[in-house]
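Contents: one structure, followed by commentary.
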Amino acid sequence: MTTTDKDQVRIFDTTLRDGEQSPGASMTLEEKLQIAEILDEMGVDIIEAGFPIASNGDFEAVCEIAKNSKNSVIAGLARAIHADIDRCGDAVRHAEKGRIHTFVSTSPIHLQYQMNKTQEQVLEIITDTVTRSRNLIDDVEWSAMDATRTPIDYLCQCVEAAIKAGATTINLPDTVGYATPDEYKKMFSDIIERVPNSDKAIFSVHCHDDLGLAVANSLAGVAGGARQVECTINGLGERAGNAALEEIVMSIRTRGDVLPYTCNIDPLFMTRASKLVSAASGFAVQYNKAIVGKNAFAHESGIHQDGMLKNAETYEIMRPEDVGVKATSLVMGKHSGRHAFKDKLKDLGYELGDNALQEAFRRFKDLADRKKHVYDEDIEALVENEIAIAGENTKVIALTVIAGTGGPQKAILTMDVNGKHETREATGDGPVDATFNAIKMICPHEAKLSLYQVHAVTEGTDAQAEVSVRLEANGRISTGKGADTDTLVASARAYVSAMNKLAQRQQGANPGALKAV
Ligand code: KIV
Ligand code: ZN
């Protein structure tokens, strides 16, 4: 089948907004900028960079992403409130191409219990808020929150009013993940047919995965006439998440015979984007996740392996290299020089500043001394760690742990706190507990540990452990990661990184001020 401009599907990524709304997934400004950069590079048409009225941090993130974007439209979210819309306009105006995305609920249950408004009042709100947005910027998206539980006649009136007031994109979300593909497709085809000015806007799908139907529903909405898909990397998002960008894009690319659409995404970036989002959010990607899971292209059974050796297409519908999966390669050993290391980093997509490069190289040498084979994944874990802790004023310097039967387990820890070395000794219920107790003695704080997760970066007993730690204090959440061949050192690094981020969030720019967390 041939495709035309009318078959172009715009990809609207909301990892930094709906994705960040998942409890525990909040990201730092630095992490958001890195994610936005890769989304921009991979060809995402619209990046929803945040919710500017939500906090000063969100506002700043949208402004910075807007200033740095090269190709993508930068959108910010705004409720149907003047202050939200004005704040959003202030943030996205820094972009070469900015968009205000404003929304209001339209379903009877939301109108009655959440808004306490009549249908007529909501229609007036739509006209008023879309008009206000259009007075600030030409590119305005309007969303009917809970569209899939809204009576179709009323939804038609809302859409018509929004387009009349100047909305250029109309988004009809399945906010609660309730729709089925047939229903969702019909909703779009009915609305597009019935609303007299529907040809003046692009229609958009936005699906949540509560019933595991987000991707199927999104593609059904496109079949019904939508030409924008709202999605997130790794399917991150409220509750069960949003439709996963990588699944939408690879479905379109792989099944062009029945999904005759095009999109601008270069899938080569997908694996990197997935790892970056997982590291920043602290949400591990499940092993069997489509496209970006560790096992997505692994063939274990004898029959499959036999077929693969004869012809990869026997069991593979996509090639791993098309989505940026690199064949695992033995990288380098302890004799590799700085130059080769720098080239390797470039090959893996990293460019570090001089100081970070020097520190990463020092840690690579250290790793190569301790680990027989150093793989690409090891280098990636090491560099991600280096990027995460760059600029932190509180660091783990040395750790000795006494563990084993007989207890109590003991940790002797030295940390650098704002340039001053401090050492403490602590006991605990096991070596991890003892290590974390030692950190708390050096940097007293009230934060609660809500997640502690370990996974091996590669295979073998000398593999690096990658540890994720999530901390919560005063309603704020932060996630830190650490990697090392020593699981306890990785745990200490992850804990300190999470603590630094929490301190940054609570006190602005002073990551060293942990004592007051
Ligand atoms: O799920 C939803 O309805 C949303 C809107 C704010 C677009 O995220
Ligand atoms: Zn949503």
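The values are calculated or read from the model by the stated rules, or taken from the named source; none is laboratory data. Since this is a predicted model, take the numbers as computed values, not measurements. When we count neighbours, we look across all protein chains shown, and the Cβ atoms used for this are built from the backbone with ideal geometry, even at glycine.
Here are the numbers:
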quantity: Lone unmet requirement of (1) free of Cβ contacts under 8 Å to residues at least 12 places away in the same chain; (2) touching a helix residue (DSSP H, G or I) at 6+ places or on another chain (Cβ under 8 Å) for D354; calculated: (2)
quantity: Flag for C158 being within 13 Å of ligand 1 (Cβ to nearest atom), crowded, with 23+ Cβ neighbours inside 10 Å and over 20 Å from K6 (Cβ atoms); calculated: no
quantity: Yes/no for G428 being surrounded by fewer than 14 Cβ atoms within 10 Å (Cβ to Cβ) and assigned by TED's automatic domain parsing to the domain that holds D484; calculated: no
quantity: Listing of helices (runs of 4 or more DSSP H) fully contained in the stretch 173-284 that carry 1 or more residues being away from ligand 1 (no atom under 16 Å from the Cβ) and farther than 25 Å from N71 by Cβ; calculated: 181-194, 214-223
quantity: Sole exception among (1) within 16 Å of ligand 2 (Cβ to nearest atom); (2) out of contact with any His (no Cβ under 7 Å at 6 or more places or on another chain); (3) of a type outside the set (S, T, Y) for L77, by number; calculated: (2)
quantity: Qualifying positions in the stretch 128-141 - closer than 17 Å to K97 by Cα and touching a helix residue (DSSP H, G or I) at 6+ places or on another chain (Cβ under 7 Å); calculated: S133, L136, I137, V140
quantity: Counted residues, the stretch 360-394 - those being exposed (fewer than 15 other Cβ atoms within 10 Å of the Cβ) and more than 16 Å from D486 (Cα to Cα); calculated: 3
quantity: Unique match (being polar (S, T, N, Q) and without any contact (Cβ under 8 Å) to a residue 12 or more places away in the chain) among Q8, Q34, Q112; calculated: Q112
quantity: Residue match in the stretch 451-466 (condition: farther than 30 Å from Y375 by Cβ, touching a residue at least 24 places away in the same chain (Cβ under 8 Å) and in the same structural domain as D484 (by TED's automatic domain parsing)); calculated: no
quantity: Search result, residues across the stretch 242-265 that are of a type outside the set (A, V, I, L, M, F, W, C) and surrounded by 24 or more Cβ atoms within 10 Å (Cβ to Cβ); calculated: N242, E246
quantity: Residue count, the stretch 243-273 (criterion: among the polar types (S, T, N, Q) and under 27 Å from A381 (Cβ atoms)); calculated: 1
quantity: Given (1) over 24 Å from A240 (Cα atoms); (2) in contact with a Lys or Arg (Cβ under 7 Å, 6 or more places away or on another chain); (3) acidic (D, E), number of the condition D210 does not satisfy; calculated: (1)
quantity: Residues of the stretch 432-450 satisfying the condition of being assigned to a helix (DSSP H, G or I) and either without any contact (Cβ under 8 Å) to a residue 40 or more places away in the chain or not hydroxyl-bearing (S, T, Y) (or both); calculated: V432, D433, A434, F436, N437, A438, I439, K440, M441, I442
quantity: Search result, residues across the stretch 146-172 that are under 16 Å from R134 (Cβ atoms) and either outside any strand (DSSP E or B) or not assigned by TED's automatic domain parsing to the domain that holds D128 (or both); calculated: V159, E160, A161, A162, I163, K164, A165, G166, A167, T168
quantity: Residue check, V401 more than 30 Å from E30 (Cβ to Cβ), in contact (Cβ under 8 Å) with a residue 60 or more places away in the chain and surrounded by 14 or more Cβ atoms within 10 Å (Cβ to Cβ); calculated: yes
quantity: Single residue of the stretch 130-151 satisfying the filter (away from ligand 2 (no atom under 16 Å from the Cβ) and either among the small types (G, A, S) or more than 20 Å from M115 (Cβ to Cβ) (or both)) that is surrounded by the most Cβ atoms within 10 Å (Cβ to Cβ); calculated: S133
quantity: From the options V396, V432, residue that is modelled with pLDDT of 90 or more and closer than 30 Å to D347 by Cβ; calculated: V396
quantity: Residue that is farthest from P52 (Cα to Cα), among those in the stretch 82-105 that are hydrophobic (A, V, I, L, M, F, W, C) and free of Cβ contacts under 8 Å to residues at least 60 places away in the same chain; calculated: V104
quantity: Condition check for E37: away from ligand 2 (no atom under 16 Å from the Cβ), acidic (D, E) and over 30 Å from K481 (Cβ atoms); calculated: no
quantity: Among (1) surrounded by fewer than 24 Cβ atoms within 10 Å (Cβ to Cβ); (2) modelled with pLDDT of 95 or more, the one test that E238 misses; calculated: (2)
quantity: Test: residue in the stretch 57-68 that is touching a strand residue (DSSP E or B) at 6+ places or on another chain (Cβ under 6 Å), farther than 22 Å from A226 by Cβ and in contact (Cβ under 8 Å) with a residue 40 or more places away in the chain; calculated: yes
